[in-house]
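Please treat every number below as a calculation from the coordinates, not as lab data. Keep in mind it's a predicted model, so treat the numbers as computed, not measured. A quick note on method: Cβ atoms are made from the backbone with ideal geometry, for glycine too, and the neighbour counts reach across all protein chains shown.
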Amino acid sequence: MNDTPERDGAASDDDKPEPVEVLEHTENGVARITLNRPDQLNSLTAALCAAFNQALTRAATDAAVRCVVITGAGRAFCAGQDLADVDIDGENPRQIGNILENDINPIVRLMHGMDKPVVCAVNGVAAGAGANIALAGDIVLAAESARFVQAFRNVGLMPDGGGTWLLPRLAGTARALGMSLLGEPVDAATAEAWGMIWKCVPEEQFPGAVDDVCRKLAEGPTVALALAKRALAVSGNNSLEAHLQLERDFQASAATSDDYQEGVRAFLAKRKPDFNGR
């Protein structure tokens with residue numbers, strides 16, 4: 001027993017604030033979500049995923065937000081699941097299936113399903129589920145130092161977090177198989193060449209390039225962008241005839257927006273449109 005009293009004003013360990021594992025900042029219509037465990041390469045824990053999910057939900061439901069950008073603090077985007085948070089030898093281990101269902105899959109569903117463009121700014125390594133969260137973005141920009149690694153095989157697992165759905169669509173089946181079965185890293189320049197991401201950006205230009213893309217999306221015709229995202233998401237499952245009908249209906253919906261009227265007026269007046277997102 002320690003009989004030494006605490007000094008007046010000194011905080012005990014219990015009084016220390018919990019670290020903020022996900023940072024949020026919204027400005028000019030852009031919600032920036034930053035994974036914030038830099039010492040652990042922003043690897044995923046139950047706590048981080050819960051905060052991440054909440055941040056995405058707030059951004060998805062905030063009418064002031066017209067674009068969402070996800071990035072990582074420090075030198076990594078996200079190194080995937082923190083295996084120390086799995087506890088495979090404990091009496092009540094966190095089962096991988098439950099981690100996916102409760103932690104990771106809801107994040108991917110939110111990114112894919114929200115009616116706002118999601119930009120993933122991949123500032124460094126993106127491995128395992130972190131790679132597939134990155135690739136789930138609508139527009140993915142990667143710094144030259146970034147690497148995408150399907151690292152699951154190294155611990156006896158298969159890709160998850162939507163990886164086996166995303167990779168064949170983005171890079172083709174042969175490359176998806178190579179990445180999944182061999183686990184070799186793919187650098188950002190190769191990822192761009194393969195069509196996995198939108199752009200690989202030189203390191204010194206990366207922050208500005210991300211800001212430019214987010215500003216363009218936040219100032220864009222929000223209704224039309226949402227409809228385009230939805231149409232592209234289902235295009236692979238539709239026949240041409242079914243998709244032509246969907247485009248007809250979606251375009252008719254877009255044409256009822258304030259942004260459509262503003263876009264036409266601006267075009268006729270030869271000026272830049274001022275879209276309000278409605």
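Remarks
- Angle of helix 173-182 to the longest C-alpha principal axis of the chain, folded into 0 to 90 degrees and rounded to 10: 10°.
- Label-point gap, in nm, between GLU184 and ASP115 - each point 7 angstrom along Cα→Cβ: 4.5
- Tensor-based shape of the stretch 164-247 (alpha-carbon gyration tensor, a/c under 1.5 rounded, otherwise prolate or oblate): oblate
- Rounded to 0.05, the FRET efficiency of the LEU23 and GLN205 pair, given R0 = 30 Å and the Cβ-Cβ distance, is 0.85.
- Helix 46-61 vs. the chain, principal-axis angle (Cα, 0 to 90°, nearest 10): 20
- Between 0 and 90°, nearest 10: helix 240-254 axis offset from the chain longest Cα axis: 90
- More than 35 angstrom apart: percent of Cα pairs within the chain: 25
- Among ILE99, ILE133, ILE197, residue whose mean-square fluctuation peaks in a GNM of the chain (springs only between Cα atoms under 10 Å): ILE99
- Among beta bridges that DSSP assigns inside the chain, antiparallel share in %, nearest 5: 25
- Cβ crowding within 10 Å ranks ARG230, ARG248 as ARG248, ARG230, fewest other Cβ atoms first.
- In nm, spacing of pseudo-spin labels at ASP212 and ARG58 (7 Å Cα→C-beta vector): 3.0
- Charge dipole magnitude, Cβ of K and R +1, D and E -1 - the chain, Cα centre, debye nearest 20: 1560
- Length gained on full extension, ALA252 to LYS272, computed as 0.36 nm times the residue gap minus the Cα-Cα distance: 4.9 nm.
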